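Heads up, the thing below is written out as structure tokens.
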Amino acid sequence: MESGQRMTDGRKRWLWLVGAAVWLGLPWLVFGNNYVLSTLILIGLYALVSTGMTLLMGYAGQISLGQAAFYGIGAYTSAYLTAHAGWSAWLALAAGAALAALVALVVGIPVFRLREHYLALATLGFGVIMFTFFKEWKGITGGLNGFFGIPPIRIAGIPLQSDLPFYYLVSLFVLAGVWFARNIVRSRVGRALRAIHGSEVAASSLGVNITKYKLQMFMLSAVYASAAGSLYAHYVTFINPDLFGIVPSIYFLIMVVIGGTGSVWGGLVGAAVYVCLGEWLKAVVPLLLPNAGGEFEIVFFGLLLVVMLIYMPNGLTGVAAKGWRRLWKASWRQQKQTAAVDSHQARSIGGERG
Amino acid sequence: MEAWSQFVQLLFSGLTVGSIYALVALGFVITYSVTGILNLAQGDFAMLGALLCMTFVNSGMPFALAIGLSIAAVMAIGALFERLAIQPARRSSVAVLIIITIGVSFVFRGLALLVWGTDPYALRPFSGHEALHLFGAVIQWQSIWAVIISVISFLALHLFLNRTSIGKAVTACVINPFAARLMGINIRKMSLGAMAVSAGLGALAGIVIAPISGASYDMGMMIGLKAFIAAVVGGLTNAPAAIAGAFLVGLLESFAEGYLSSGYKEAISFGLLLLVLFFMPNGLFAKMTGKRV
Amino acid sequence: MLVLRNVHVHHGHLHVLKGIDLHVGEGEIVAIVGANGAGKSTLLGTIAGVYTPTEGEMVFEGEPLPCGKVEDIVDKGICLVPERRQIFDGLSVKDNLLLGAYRRQRRDRQDVKRDYERVLELFPKLQTMLDRPGGLLSGGEQQMLAIARGLMARPKLLLLDEPSLGLAPLVVKEVMGMLKPLGDQFHTTMILVEQNVRAALQTADYAYVLERGAMALHGKAAELLNDERVAEAYLGAARRR
Amino acid sequence: MLLEVERLSKSFGGVQAVQDVSFGVAQGEMVAVIGPNGAGKTTLFNAISGIFPPTGGFVRFQGVVTNGKKPHELAMLGMTRTFQNLQLFSDMTVAENVMVGFHPRLTGGIFSAGFRLPRAAKEEQTAREEALSRLAQVGLAHLAAEKAGTLPYGMQRLVEIARAAVSRPSLILLDEPMAGLNPQESRRLVDVLLVMREQGFTFLFVEHDMETVMAIADRIVVLDYGKKIAEGAPEEIVRHPDVIKAYLGEETV
Amino acid sequence: QSPASGGGEGELKIGAIFSASGGAAPLGKPEMETVKMLVKQWNEQGGIEGKTIKLIAYDDKSNQNEAVLSTKKLIEQDKVTAIIGGTISGNSLAMIPQIEKAGIPYISLAASKQIVNPDDGSSRPWTFKTAQGDDIVIQKLLSFLKEKGWTKVAWLNVANAYGTSGHDEFVRYAPQYGVQAVAEEEFEATVDDAKAMLTRVKKANPQAVIVWGTAQESAVVTKNIRQLGIEAPIVESHGIGTKGFIDLAGEAANGVWFPAGRILVADQLPDSDPQKETLLAYKRDFEKAYGYEPTTFGGHAWDAFHLLANAIKEGGTDKEKIRSALENTKKFIGISGVFHMSTDDHTGLDADSLVMVQIQDGKFVLAE
Ligand SMILES: Nc1ncnc2c1ncn2[C@@H]1O[C@H](COP(=O)(O)OP(=O)(O)OP(=O)(O)O)[C@@H](O)[C@H]1O
Ligand SMILES: Nc1ncnc2c1ncn2[C@@H]1O[C@H](COP(=O)(O)OP(=O)(O)OP(=O)(O)O)[C@@H](O)[C@H]1O
Ligand SMILES: [Mg+2]
Ligand SMILES: [Mg+2]
């Protein structure tokens, strides 16, 4: 078993390298096509949000229906502080993250006293309330007319105005985000969170401070979302409250679920599939039905979503993990299985039959 | 006098809206109590019901027949939905099932857009256009219909769940599906029936509201969301509480809008709801859940 | 009444039951004993339709059982009192009991009522907590409720998975003692899986010893009680006293 | 006294589940709680371990009054437990289940974990080793990589015991540890518990299997209808007429 | 930079982005249909200067991100010559930075004046629009109020970008016309029953009630106003100019005033009206193609397409030339009005492009 573990670790490291190479090389493959690059950037931004949510849902077991609110907090904090208060975008990003974490803390303390669907409801309510603020707090957010003229982010004084450098910047954030999430999952904290999933009483009786960990994950996911929001604001330079309402929150939820919450990669995979599916349908549907508008895309999107989840209830990463195990571990697993059976079924009488 | 009539007006506004939420919320409760699924396409049943009914009426069908037919059609759609989308995914997690229902609601909405386009449609009220004047407030007959229908539906459902053996079996299904099967309860049939009935209730809600606010392809989302809130506030498995929740949401909205600010109305009513939940973390109408270690 | 021939069951990759032959006669109480993980619960689950055998046949009253279809099997008169009790947490004790008779509730309302009273006589403890949600009962109370609920189905064949688990010694004695008369009274055949081997063998007519997914031994319960191998493996020190 | 229970009461609405119960457990002792079904044993455990606050009386653990403390705080102080209705983390492997038990001994938070500080890695290593050795003690080391939920009932009990013991708490509460084990297996577990006791563990346990109780208990507390009806050495208890009447029945042992 | 980037020989690529589904579908769908119809018509008549027009149209589903991505796709991948679209202001505003950076002629169909004259004063050389800005519509409405002598009014707007933008302009211009709001309220686009809010309006006892929203929600509010027994005249926005509004509001619709493009009342216009012929032609063609009446929004798309086509006729496929041709458009007779563009005015419409319409017996009647 030990050797099996090591083997897969080795393979995984190798996979990481290949992945990193693809990631870095992708822009050159698409040869400066800014459309593809912006698609990738958008995937990256969504991935950041949904990675945080994956931690929250998959490991802390909490469904959030209001994540876009944190995305919005990041975006508006950055927008306001850079455009009106003249802050540097980096500082503004950090401030947004801190604010999001603070809000998550304040909201989380009472909210995490709630259970199950009440929690989903509370996050939904939080989303609605934040949306109202974005909408009505016109002095700061520009209200429904939107907030435009957000300055770009700068590195060493150079504004990142084109897609290529922004792509790398976002990638860096995503990789760091996934890496951080992965480390947490594989630690004492991650284990405790999964334990909460299994049985809250038991986890708590073993010394796991349930509220603390849930709250920490909530705050962490808020930070992820807020960072993504800040980056978005500097990238598109125009934001409006509709981007941060309930519907986007639901889209984030969809991404997390198609990606699967069993792996920290779920967020990235889900975001990629979600965006690509939409773009692909945009290209394919008109070929099938020349006169169709977007409604067909919506219908197909809905159908695909349903079919996908029926056949892959653990999301794409779940399927990938399964396939991976089948492919690489089949023989090893089988050996282990038979051993397990033999040892489970303790022999007492018919020892000679063994 | 002024204040009094405003109060009555707000009260009735709240009751009208609340009764619509209530009908849809009942659908949530039924589906949830049998299958454990939060069906976020519930609001779209209302949309389908309203638009179908409108189409039938416009094709010259008698009003009552059109209502019956559209409810039946939506029930069939609900049953189909259960068979094709829910049944195959029975074992999935809550989040996955929620997203499946969202996917289905996309499909419903997209198809409705194709069939009926973006225009809002009108449906005639059940009984005349005149309004009732009460304590200086104006109340439409349709609002009274809405309240009556939701109360009747609720009573029927309540009796069914609490007074019949099938009702108990329905509850058993979600508490412990494994044990329910061991008792010989056919979970699949129950779940099919539940979805059909909730779809029917949703359709009814749509037909009741259409004369008041019109019907269009995207009306389901908002109704669904509000009803979801009502159902959760009521505890999800508890029909009377869901009804109370629905009226509470309706009234909160109405009073927040009337006395405070319409822009902040949603935030205010949500805020109040959350505040209440924080003090009663298990819902407003918590019953003993029967869980211990 | 029930005959199993060469039944195999898998849990995923795991080959749990490896060719089970079992014969249960009308009105008998058959005990199945075996170590942890031998596959006892799996065997009962398979008969009840929870698991589907990958091979082999099961015949009940001369007809093949509809494998894997719990509802149909319940209709044939087979009822499982499962491991871990599986109480309906949120429903009252009374509702739990009545749901046990779900399948015949509409057919013979009077009978159900009579059974309900009789079952409560057997477990007087339950009588005092009829309106309490089942999930709030103590472990032993839940166990009583599970057995009682099984009896409410008035099955032809009752499958009991570790019915004595968590019951106080006095109650174990009572429960075990009443199985036989109960079977006679209701014309119920029973399969009894027990860790309390001694009690099981004392109660049963016939017994099987299940080991690692196969039947290692079987015979008249009374004979097995005196069998050296069984004594050594399952009764051990208890026999010394 | 490691644990002192004083006039502890707990009622649920109208149900008086535990009423004015007092007793103590000394360091290194093995104390059994017995009583008929529904006597209040599990409720007593729940109140002691902080699952819910008692409605009357108090509990002192290591000299500290624990009323109002949460289970995780008590676990940090050195009190863990197992459950009558098994509460395994069924989607996690057996080893991971036990590693969760080691939680109080570790210190890493989300930052040290997230940034993968060397300290966190070292702690993980220790946790794994401890878990495996504890599993070996209950005889389940070979199943470390299995999903806990697929284990047969009896073995799940053993996992719970290993999980409760791995952090070396000063007191472990066991709620019916033998349920689901056959006589031979229970005897094996008895041996394990006795070894642990040698290693300095203190146990308070509920058990219906009188053979086990007689074999390992130093002292027995008997509850009936929430009240303590007897307390004493095993030999006294089995002869106590009230206990025989309420719990054991005539002609036992 | 190659001047002839728009497609191969004999082909002219025009990009379009509409919100043909999602929240803004009632606006975007007729826009998309109009443009598709026009492209077909033009191609049948030989395209522009002998080149076939290839329309690449995307539906942004009323979502800002989709609009941004589609813009990039049009620019980078499809390499179109010019872009029409952005049904709603938010989407247009999000698209503009890409467009200005790429330097491509762009005609927005949304109304907000921020599109061409942003508050932050940044210049938008490539951006044009064909919808009357809210500033223009509001001025038309205010002058109407002033004329009628209704100076104490209640202002109600729908709580979305359309409504708030109208409100902003109202607040800005009302004092100039001596109009004062005695009540200001918002209602949701999904409103079922607005009586709660209207009780406050009733208390304020206004001389007229202004309802600023699109058909469905405005109909609910209009009905509720009458049900509550508020007798004051109702003036609404150009957003209600569809048959749906009259169906939904029923009796209550009668007597409602609103400013609108001439398309609604095309057949009632005096023959002397320069737009009449164009309007009737569009109406006829659209109804023939799609079986329902065209809307003012479709009209904005009609204008955008023709403006662009004319500019291309003049400037060829060179983007800068198209741009300056657009900027120099004078006296172009469109659906929304007669356009006079200039360097400072990328809309080219004034309040005269609107008329006041009243609903009488379920019909739109030109009020003069
Ligand atoms: N759902 C499942 N998935 C995978 N393996 C399972 C599952 N259920 C049981 N098993 C495995 O099947 C074997 C037999 O289990 P079973 O529960 O039938 O044993 P048992 O004899 O009832 O044991 P016990 O006395 O502990 O209840 C065990 O090895 C167990 O791990
Ligand atoms: N949350 C609760 N609400 C109401 N009654 C409860 C609750 N919890 C326990 N009870 C009741 O309190 C009594 C004591 O229960 P407890 O679980 O402590 O018994 P126990 O001694 O552990 O019994 P067993 O040996 O059967 O496990 C029981 O009658 C039970 O029904
Ligand atoms: Mg078993
Ligand atoms: Mg107990």
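The values are calculated or read from the model by the stated rules, or taken from the named source; none is laboratory data. Because the structure is predicted, anything quoted here is derived from the model rather than measured. Neighbour counts run over all protein chains shown; Cβ positions are idealised from the backbone, glycine included.
Considering segment E:54-71, and only residues there that are touching a helix residue (DSSP H, G or I) at 6+ places or on another chain (Cβ under 8 Å) and surrounded by fewer than 21 Cβ atoms within 10 Å (Cβ to Cβ), the residue that is nearest to E:F305 (Cα to Cα) turns out to be E:L55. Which residues, counting only those in segment C:149-175, are more than 16 Å from ligand 4 (Cβ to nearest atom), within 13 Å of chain D (Cβ to nearest Cβ), crowded, with 22+ Cβ neighbours inside 10 Å and not acidic (D, E)? Answer for segment C:149-175, where residues must be more than 16 Å from ligand 4 (Cβ to nearest atom), within 13 Å of chain D (Cβ to nearest Cβ), crowded, with 22+ Cβ neighbours inside 10 Å and not acidic (D, E): just C:P163. Out of the residues in segment D:12-52 meeting the condition of being in a loop (DSSP other than H, G, I, E, B) and crowded, with 21+ Cβ neighbours inside 10 Å, tell me which one is farthest from ligand 4 (Cβ to nearest atom). The selected residue is D:G50. Identify, from the list C:T42, C:T46, the residue that is touching a Ser or Thr at 6+ places or on another chain (Cβ under 8 Å), within 15 Å of ligand 3 (Cβ to nearest atom) and within 25 Å of C:A200 (Cβ to Cβ). When all the criteria are applied, what remains is C:T46.
Here are some residues: B:V29, B:V57, B:V8, B:V17. Which one is in a helix (DSSP H, G or I), touching a helix residue (DSSP H, G or I) at 6+ places or on another chain (Cβ under 6 Å) and surrounded by fewer than 23 Cβ atoms within 10 Å (Cβ to Cβ)? Outline the logic, then answer.
Details: B:V29 fails: surrounded by fewer than 23 Cβ atoms within 10 Å (Cβ to Cβ); B:V8 fails: touching a helix residue (DSSP H, G or I) at 6+ places or on another chain (Cβ under 6 Å); B:V17 fails: surrounded by fewer than 23 Cβ atoms within 10 Å (Cβ to Cβ).
Answer to the selection: B:V57.
Is at least one residue of segment C:158-170 touching a Pro at 6+ places or on another chain (Cβ under 8 Å), within 15 Å of ligand 2 (Cβ to nearest atom), without any contact (Cβ under 8 Å) to a residue 12 or more places away in the chain and not small (G, A, S)? The answer is yes, given that some residue of segment C:158-170 is touching a Pro at 6+ places or on another chain (Cβ under 8 Å), within 15 Å of ligand 2 (Cβ to nearest atom), without any contact (Cβ under 8 Å) to a residue 12 or more places away in the chain and not small (G, A, S). Against the definition (away from ligand 1 (no atom under 16 Å from the Cβ) and either within 14 Å of chain C (Cβ to nearest Cβ) or surrounded by fewer than 23 Cβ atoms within 10 Å (Cβ to Cβ) (or both)), how does D:V94 come out, yes or no? In short, no. Of the residues B:A203, B:A210, the single one that is farther than 19 Å from A:F126 by Cα and either outside any helix (DSSP H, G or I) or within 11 Å of chain E (Cβ to nearest Cβ) (or both) is B:A210. Can you tell me how many residues in segment E:78-113 are buried (at least 23 other Cβ atoms within 10 Å of the Cβ) and under 17 Å from the mean Cα position of the chain (by Cα)? Number satisfying all stated conditions: 18.
Just so you know, in segment C:119-148 the residues that are without any contact (Cβ under 8 Å) to a residue 12 or more places away in the chain and away from ligand 4 (no atom under 16 Å from the Cβ) include one that is farthest from the other protein chains (Cβ to nearest Cβ), and it is C:E121.
Go over the candidates A:G96, A:G125 one by one and state the one that is at pLDDT below 90 and surrounded by 23 or more Cβ atoms within 10 Å (Cβ to Cβ). Step through it out loud before you land on a result.
Numbers: A:G96 fails: at pLDDT below 90.
One residue alone meets the criteria, A:G125.
Within segment B:109-127, which residues are in a helix (DSSP H, G or I) and more than 8 Å from chain A (Cβ to nearest Cβ)?
Step one: filter segment B:109-127 for residues in a helix (DSSP H, G or I), giving B:109-116.
Matches in segment B:109-127: B:A112, B:V115, B:W116.
Okay, residues lined up against (1) in a loop (DSSP other than H, G, I, E, B); (2) surrounded by 18 or more Cβ atoms within 10 Å (Cβ to Cβ); (3) in the same structural domain as D:K228 (by TED's automatic domain parsing); (4) within 16 Å of ligand 4 (Cβ to nearest atom):
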site: D:P54; (1), (2), (3), (4): yes, yes, yes, no
site: D:G68; (1), (2), (3), (4): yes, no, yes, no
site: D:E73; (1), (2), (3), (4): no, no, yes, no
site: D:F83; (1), (2), (3), (4): yes, yes, no, yes
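Yes/no matrix, rows are residues, columns are (1) away from ligand 2 (no atom under 16 Å from the Cβ); (2) within 14 Å of chain B (Cβ to nearest Cβ); (3) over 30 Å from B:C173 (Cα atoms); (4) not in a loop (DSSP other than H, G, I, E, B):
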residue	(1), (2), (3), (4)
C:V3	yes, no, yes, yes
C:K18	yes, no, yes, yes
C:D21	yes, no, yes, yes
C:S41	yes, yes, no, yes
C:L44	yes, yes, no, yes
C:I47	yes, yes, no, yes
C:G56	yes, no, yes, yes
C:V59	yes, no, no, yes
C:P66	yes, yes, no, no
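Of the listed requirements (1) away from ligand 3 (no atom under 16 Å from the Cβ); (2) crowded, with 18+ Cβ neighbours inside 10 Å; (3) within 14 Å of chain D (Cβ to nearest Cβ); (4) closer than 30 Å to D:G14 by Cα, C:A207 misses just one: (4). Going by what's in this entry, would B:R90 be described as of a type in the set (K, R), under 20 Å from B:Q42 (Cα atoms) and either within 21 Å of the chain's Cα centre (by Cα) or away from every other protein chain (no Cβ under 12 Å) (or both)? In short, no. Residues in segment B:229-268 that are touching a Leu at 6+ places or on another chain (Cβ under 7 Å) and of a type in the set (F, W, Y): B:F247, B:F255.
Could you tell me which residue of segment C:107-141 is surrounded by the most Cβ atoms within 10 Å (Cβ to Cβ), considering only residues that are among the hydroxyl-bearing types (S, T, Y) and at pLDDT 85 or above?
Filtering segment C:107-141 for residues among the hydroxyl-bearing types (S, T, Y) gives C:116, C:128, C:138.
So of that shortlist, the ones also at pLDDT 85 or above come out as C:116, C:128.
Numbers: C:Y116: 18, C:T128: 12.
Here the answer is C:Y116.
Number of residues in segment E:323-339 that are under 19 Å from the mean Cα position of the chain (by Cα) and more than 16 Å from E:T278 (Cβ to Cβ): the value is 1.
How many residues does segment D:218-233 contain that are within 14 Å of chain C (Cβ to nearest Cβ) and surrounded by fewer than 21 Cβ atoms within 10 Å (Cβ to Cβ)?
Initially, segment D:218-233 is screened for residues within 14 Å of chain C (Cβ to nearest Cβ), giving D:220, D:222-226, D:229.
Adding the requirement that they be surrounded by fewer than 21 Cβ atoms within 10 Å (Cβ to Cβ) leaves D:224-225, D:229.
Result for segment D:218-233: 3.
Only one of the numbered conditions (1) away from chain C (no Cβ under 11 Å); (2) under 13 Å from the mean Cα position of the chain (by Cα); (3) away from ligand 2 (no atom under 16 Å from the Cβ) is violated by D:P177, and that is (3). Looking at (1) at positive phi; (2) within 11 Å of ligand 1 (Cβ to nearest atom), which is the one condition that is false for C:P82? C:P82 satisfies every listed condition except (1). If a residue must be among the charged types (D, E, K, R) and within 12 Å of chain A (Cβ to nearest Cβ), how many such residues does segment B:254-280 contain? Going through segment B:254-280 one residue at a time, the tally reaches 2.
Whether a residue is under 30 Å from D:G139 (Cα atoms), within 14 Å of chain C (Cβ to nearest Cβ) and touching a residue at least 24 places away in the same chain (Cβ under 8 Å) was assessed, and D:A32 passes this test.
Of the residues D:R81, D:R116, only one is at the interface with another protein chain (Cβ under 7 Å from one of its Cβ atoms) and touching a strand residue (DSSP E or B) at 6+ places or on another chain (Cβ under 7 Å); which?
Values: D:R116 fails: touching a strand residue (DSSP E or B) at 6+ places or on another chain (Cβ under 7 Å).
That would be D:R81, the only listed residue that is at the interface with another protein chain (Cβ under 7 Å from one of its Cβ atoms) and touching a strand residue (DSSP E or B) at 6+ places or on another chain (Cβ under 7 Å).
It is to be established whether one or more residues within segment E:108-115 are part of a strand (DSSP E or B), more than 14 Å from chain A (Cβ to nearest Cβ) and at pLDDT 90 or above. Taking every residue of segment E:108-115 in turn, none turns out to be part of a strand (DSSP E or B), more than 14 Å from chain A (Cβ to nearest Cβ) and at pLDDT 90 or above.
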